[in-house]
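Here's the structure, in structure tokens; my notes come after.
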Amino acid sequence: MDEIGKRGGVVLAISGDSPFCRAAFMKARNFPFALLSDVHRTAIRAYGVLDVDRNVAYRSTFIVDRDGVLRWGQAGDREMVRDGSEILRVLDVIEGLRRKR
């Protein structure tokens with residue numbers, strides 16, 4: 001998390017759970033970032049990660065740049081391993097491109 005912040009990034013998570021369930025989950029896990037509730041699946045649908053049959057979101061990670069442009073994303077099932085080093089690499093690439101402008 002510190003490395004993302006050093007790169008000017010902010011971590012936000014979105015859950016399809018109700019605000020009550022989301023709050024209990026956050027308290028139990030003590031996440032160091034915000035977990036937003038999307039009970040109507042608005043953001044989950046917009047990013048194309050809704051598993052319609054189960055009405056849940058696929059585990060996903062997205063990077064949106066400072067201009068609001070989706071630059072990178074990955075989605076998969078619950079067993080998919082998240083590689084934080086890949087997120088840092090993409091942030092470094094985006095920052096390098098921004099500096100060239």
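For the reader, a short list of remarks on this structure follows.
- Looking across segment 16-33, the residues that are within 18 Å of V56 (Cα to Cα), without any contact (Cβ under 8 Å) to a residue 24 or more places away in the chain and either in contact with a Gly (Cβ under 8 Å, 6 or more places away or on another chain) or not hydrophobic (A, V, I, L, M, F, W, C) (or both) come down to D17, S18, P19, R22.
- Of the residues examined, D2 is not one that is charged (D, E, K, R), within 30 Å of R101 (Cα to Cα) and under 13 Å from the mean Cα position of the chain (by Cα).
- Within the option set D51, D65, being surrounded by 11 or more Cβ atoms within 10 Å (Cβ to Cβ) and either touching a Cys at 6+ places or on another chain (Cβ under 9 Å) or over 30 Å from G96 (Cα atoms) (or both) holds for one residue only, D51.
- Some residue of segment 23-34 being touching a strand residue (DSSP E or B) at 6+ places or on another chain (Cβ under 7 Å) and of a type outside the set (A, V, I, L, M, F, W, C): no
- There is at least one residue in segment 74-87 that is surrounded by 11 or more Cβ atoms within 10 Å (Cβ to Cβ), within 15 Å of V11 (Cβ to Cβ), touching a residue at least 60 places away in the same chain (Cβ under 8 Å) and among the hydrophobic types (A, V, I, L, M, F, W, C).
- Of all the criteria given as (1) touching a residue at least 24 places away in the same chain (Cβ under 8 Å); (2) among the aliphatic types (A, V, I, L, M); (3) surrounded by 15 or more Cβ atoms within 10 Å (Cβ to Cβ), the one not satisfied by L36 is (3).
Since every read-out is calculated from the coordinates, none of them should be taken as a lab result. Keep in mind it's a predicted model, so treat the numbers as computed, not measured. Glycine gets a Cβ as well: all are built from the backbone with ideal geometry, and neighbour counts include every protein chain shown.
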